[in-house]
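Notes follow once the structure below has been shown.
The values are calculated or read from the model by the stated rules, or taken from the named source; none is laboratory data. For clarity, every value in this text was computed on a predicted model and none was experimentally measured. In this analysis, Cβ positions are derived from the backbone assuming ideal geometry, glycine residues included, and neighbour counts consider all displayed protein chains.
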Amino acid sequence: MRATIMNNWQLRVDTTADPIPGSGQVLTKVLACGICGSDLHMLKHGKESLALSETLNNWADPSPMPITSFVADKDTIMGHEFCCEVVDVGSDCTNLSAGDVVVSMPLAFDASGLHPVGYSNLYNGGYADMMILNDMLALKVPNGLSPRMAALTEPLAVGVHAVAKSRITSENSAIVIGLGPVGLAVIAELKMKGIGPIVGADFSPRRRQLALQLGADVVVDPRETPAIEAWRTTGTSRERFIFEAVGVPTMIDEAMRMAPRGGHVLVVGACMQADQIHPMVAVTRELNLQFALGYEPDEFAYSLHAIAQGDVDLSPMLTGSVGIDGVPQAFIDLGNPEQHAKILVEPQK
């Protein structure tokens with residue numbers, strides 16, 4: 001099969017062996033796979049991230065199902081926002097059949113443990129023609145939902161989980177810092193939950209426009225108008241929750257400074273670099289600082305059905321499409337927020 005392969009933090013397009021499903025697994029062809037910002041960050045800061053993971057593993061409690069991540073000097077095929085069609089079924093499968101169109105949480109399991117699909121040397125992600133998925137983890141895509149839209153299940157689930165972890169309610173308001181795909185997913189879920197007003201902040205005019213389309217009430221360029229000032233102009237008396245969705249150093253400290261006494265800061269931006277904060281900002285205000293990563297299985301299923309039922313329209317996020325050969329250039333193009341928000345890889349085009 002054809003794939004875009006990462007090795008030693010470099011991308012190449014190449015041919016590699018077709019994967020073979022084991023017991024309880026299915027072979028699928030990839031219909032659509034979104035390029036996630038975390039993949040861009042991994043290519044740039046992955047060495048530091050893997051070193052940190054090794055350090056954290058030394059402190060982790062023993063697990064009956066260890067997670068095996070990738071080794072940088074071996075081939076890794078990224079891509080964890082995928083929609084696929086089942087083409088072959090391994091033994092002991094009871095959920096899926098050939099022809100089913102599915103999405104799945106990006107996890108695979110076998111006798112050796114858990115493997116993060118797209119960050120594994122054994123289980124490739126969606127920047128390839130084919131993928132292996134576990135029969136019992138996959139969800140069938142409701143009839144009528146296009147694979148392009150179904151592939152947005154995973155990024156929406158990230159926003160859904162962040163909103164849930166914040167414990168925000170319809171009696172509160174929100175400031176979302178950073179309007180890339182994660183920040184936009186947060187806004188979409190806040191809107192579905194009836195929360196407002198929602199203030200979004202980003203340097204990019206195009207991403208500010210996307211935020212308005214997905215439910216933000218006010219958007220600002222923070223170089224011209226601080227997000228906190230924009231929130232104050234709404235005239236709301238509802239407690240503000242701050243969502244940090246940028247994922248670069250200094251942003252957590254900035255988010256803390258926007259929060260009221262006793263307030264809540266939810267960090268969903270995946271910063272892979274060392275950062276620093278001023279603890280007394282949080283101490284003197286007695287802030288609640290919460291971090292979020294990924295999502296729960298029920299949140300993933302909720303996200304698929306929200307898209308399928310028309311509760312949210314994420315189509316404005318889709319700004320481009322490439323085949324396998326176009327993935328390396330797409331990584332570069334996504335560095336321009338005026339040009340793109342979400343590029344889909346569609347290997348079958």
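Structure above, values below:
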| read-out | value |
| --- | --- |
| Residue match in region 114-122 (condition: out of contact with any strand residue (DSSP E or B) (no Cβ under 6 Å at 6 or more places or on another chain), touching a residue at least 60 places away in the same chain (Cβ under 8 Å) and not in a strand (DSSP E or B)) | yes |
| Selected residue (only one of Val182, Val219 is touching a helix residue (DSSP H, G or I) at 6+ places or on another chain (Cβ under 9 Å), closer than 26 Å to Asp253 by Cβ and not in a strand (DSSP E or B)) | Val182 |
| Single residue of region 216-249 satisfying the filter (under 21 Å from the mean Cα position of the chain (by Cα) and surrounded by fewer than 20 Cβ atoms within 10 Å (Cβ to Cβ)) that is nearest to Leu152 (Cα to Cα) | Val248 |
| Filter pass, Met65 being farther than 21 Å from Ala151 by Cα, at pLDDT 95 or above and not β-branched (Val, Ile, Thr) | no |
| Any chance Glu239 is outside the structural domain of Cys36 (by TED's automatic domain parsing), more than 30 Å from Pro106 (Cα to Cα) and not polar (S, T, N, Q) | yes |
| Residue in region 1-14 that is exposed (fewer than 15 other Cβ atoms within 10 Å of the Cβ), part of a loop (DSSP other than H, G, I, E, B) and out of contact with any Lys or Arg (no Cβ under 7 Å at 6 or more places or on another chain) present | yes |
| Cβ pairs under 9 Å, 6+ apart, first in region 219-234 and of a type in the set (S, T, N, Q), second part of a helix (DSSP H, G or I) | Thr225/Thr233 |
| Single residue of Gly79, Gly99 found to be buried (at least 18 other Cβ atoms within 10 Å of the Cβ) and assigned to a loop (DSSP other than H, G, I, E, B) | Gly79 |
| The listed residue being in contact with an Asp or Glu (Cβ under 8 Å, 6 or more places away or on another chain) and within 24 Å of Ile35 (Cβ to Cβ), out of Ser173, Ser204 | Ser204 |
| Any hit, region 263-275, residues being surrounded by fewer than 17 Cβ atoms within 10 Å (Cβ to Cβ), farther than 26 Å from Gln339 by Cα and not aromatic (Phe, Trp, Tyr) | yes |
| Subset of region 155-176 [under 20 Å from Gln213 (Cβ atoms) and either of a type in the set (D, E, K, R) or surrounded by fewer than 23 Cβ atoms within 10 Å (Cβ to Cβ) (or both)] | Ser173 |
| Matching option when the condition is buried (at least 19 other Cβ atoms within 10 Å of the Cβ) and on the phi > 0 side of the Ramachandran plot, among Gly118, Gly125 | Gly118 |
